[in-house]
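**Student:** Just passing along the structure, written as structure tokens.
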Ligand code: ADP
Ligand code: MG
């Protein structure tokens, strides 16, 4: 659970989110704007602590790390790509300069980090690595942001909307690179996206809705997930046909289950039903 506290109002950005990402997995986080995706990514990056609940990375409880362990996690193990390429780049440095800067920071913490050239080669950015950022396209800047994220040779890459505002070619290049890094290094990758074409290429997606887990996807196929307490969140497109208060009979049909709405439904649109 995470609550943003500010004067006058508190916003519960996440509640009851229980998600397990296995090492080496590629997971997409989907969901409408404001549903809590960036908040979840920031919690995974250890930028702040949840108001309630725990964030484990491997067997490490992020809240239990010392300051130096957390610094190390953020600089070396868990790379966060913020939404908007430029937020990840020092504006007066080239891509090569930015990668160098990020890797030196990681190297200071005593790790074997890839060389700058290895990172530039990994993303195939040789041609643009030494040009001023002001000359680069949005897609090239995003490639630069990805290079910075990969500079420490991270075990986890957390990418917030890395393909938004890109044309299809640039989008595919970023996604191909992320998938390639996963295959080659086994890094765990979490990608926030609202692009169905991106989601369709991801082995697993998790949809966040109103701060909760709203569904799972596999290569573009959507599934609702039965919660531990037996609830079944309906996907949005199903909800449109089943307004609040609809009485639904659950019928077994061989291997399958059928949802059969009754005419009439509850008076008051189901307002009395415990949420
Ligand atoms: P998403 O990335 O899915 O668009 P966010 O995680 O950014 O969603 O936001 C989830 C909710 O938390 C929204 O209601 C948003 O307005 C609120 N929120 C996000 N950041 C802050 C903040 N710094 N202070 C207060 N509320 C915030
Ligand atoms: Mg966001």
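Read-outs: derived from the displayed coordinates by stated rules, not from any lab. The structure presented is a predicted model; accordingly, all values stated were derived computationally and were not measured. Neighbour counts run over all protein chains shown; Cβ positions are idealised from the backbone, glycine included.
**Student:** May I ask you to compute the full-extension gain from residue 168 to residue 130, defined as 0.36 nm times their residue separation minus their alpha-carbon distance, rounded to one decimal in nm?
**Tutor:** Gain on stretching residue 168 to residue 130: 11.2 nm.
**Student:** Please work out the FRET efficiency for the pair residue 108 and residue 5, using the Cβ-Cβ distance as r and a Förster radius of 25 Å; give the result to the nearest 0.05.
**Tutor:** 0.15
**Student:** What is the calculated FRET efficiency for residue 101 to residue 183, with r their C-beta to C-beta distance and R₀ = 25 Å, to the nearest 0.05?
**Tutor:** Numbers: r = 27 Å, r/R0 = 1.08.
Efficiency computed from Cβ-Cβ geometry: 0.40.
**Student:** Cα centroid distance between region 92-119 and region 171-240, in Å?
**Tutor:** 31
**Student:** Could I ask something else about it? Over every pair of different alpha-carbon atoms in region 147-217, take the mean of 1/r and invert it; report that Kirkwood radius in Å.
**Tutor:** Final number for the Kirkwood radius of region 147-217 is 13.0 Å.
**Student:** Under 8 Å for C-alpha pairs, at least 6 residues apart: give me the relative contact order for region 2-209, rounded to a whole percent.
**Tutor:** About 31 percent, as a whole number.
**Student:** Once the principal axes of the Cα atoms of region 79-221 are found, what is the range along each, listed largest first in whole angstroms?
**Tutor:** Taking the Cα atoms of region 79-221, the three principal extents are 41, 34, 26 Å.
**Student:** Give me the percent of DSSP beta bridges within the chain that run antiparallel, rounded to the nearest 5. Intermediate values should be presented prior to the final figure.
**Tutor:** Numbers: 21 of 38 bridges.
Within the chain, antiparallel bridges account for around 55 percent of the total.
**Student:** Considering the zone a paramagnetic label at residue 138 would reach in this model (a point 7 Å from Cα along the Cα-to-Cβ line), which residues of region 174-214 have amide N under 13 Å from it?
**Tutor:** So the set is empty, nothing qualifies.
**Student:** Could I ask something else about it? Starting from the Cα-Cα distance between residue 260 and residue 228, subtract it from 0.36 nm times their residue separation and give me the gain in nm to one decimal.
**Tutor:** 9.2 nm
**Student:** Return one number: the angle in degrees, 0 to 90 and rounded to the nearest 10, between the long axis of the Cα atoms of helix 138-150 and the longest principal axis of the Cα atoms of the chain.
**Tutor:** 80
**Student:** Report, please, the projected area of the chain averaged over directions, based on the convex hull of its C-alpha atoms, in nm².
**Tutor:** Values: hull surface 72.7 nm².
Quarter of the Cα hull surface area: 18.2 nm².
**Student:** I'd like to compare 19-26, 182-189: which one has the highest average count of other Cβ atoms within 10 Å, and what's the full order after that?
**Tutor:** Values: 19-26: 13.6, 182-189: 16.4.
Ranking, from highest mean packing down: 182-189, 19-26.
**Student:** If each of residue 210 and residue 54 carries a label point 7 Å out from its Cα toward its Cβ, how far apart are those two points in nm?
**Tutor:** About 2.9 nm, to one decimal.
**Student:** Would you mind checking region 215-252 for residues with the amide N under 12 Å from a putative spin-label position 7 Å along Cα→C-beta of residue 19?
**Tutor:** Output list for this probe position: 215-217.
**Student:** Order of 51, 9, 79 from fewest to most other C-beta atoms within 10 Å?
**Tutor:** 9, 51, 79
**Student:** I would also like to ask the following. For residue 219 and residue 93 in one chain, what is 0.36 nm times their gap in residues minus the Cα-Cα distance, to one decimal in nm?
**Tutor:** So the extension gain works out to 41.6 nm.
**Student:** Rounded to the nearest 10 degrees, what's the angle between the helix 168-185 long axis and the longest principal axis of the chain, both from Cα atoms, 0 to 90?
**Tutor:** That works out to roughly 80 degrees.
**Student:** Using the count of nearby Cβ atoms within 10 Å as a rough guide to exposure, how do 128, 123 rank from fewest to most?
**Tutor:** 128, 123
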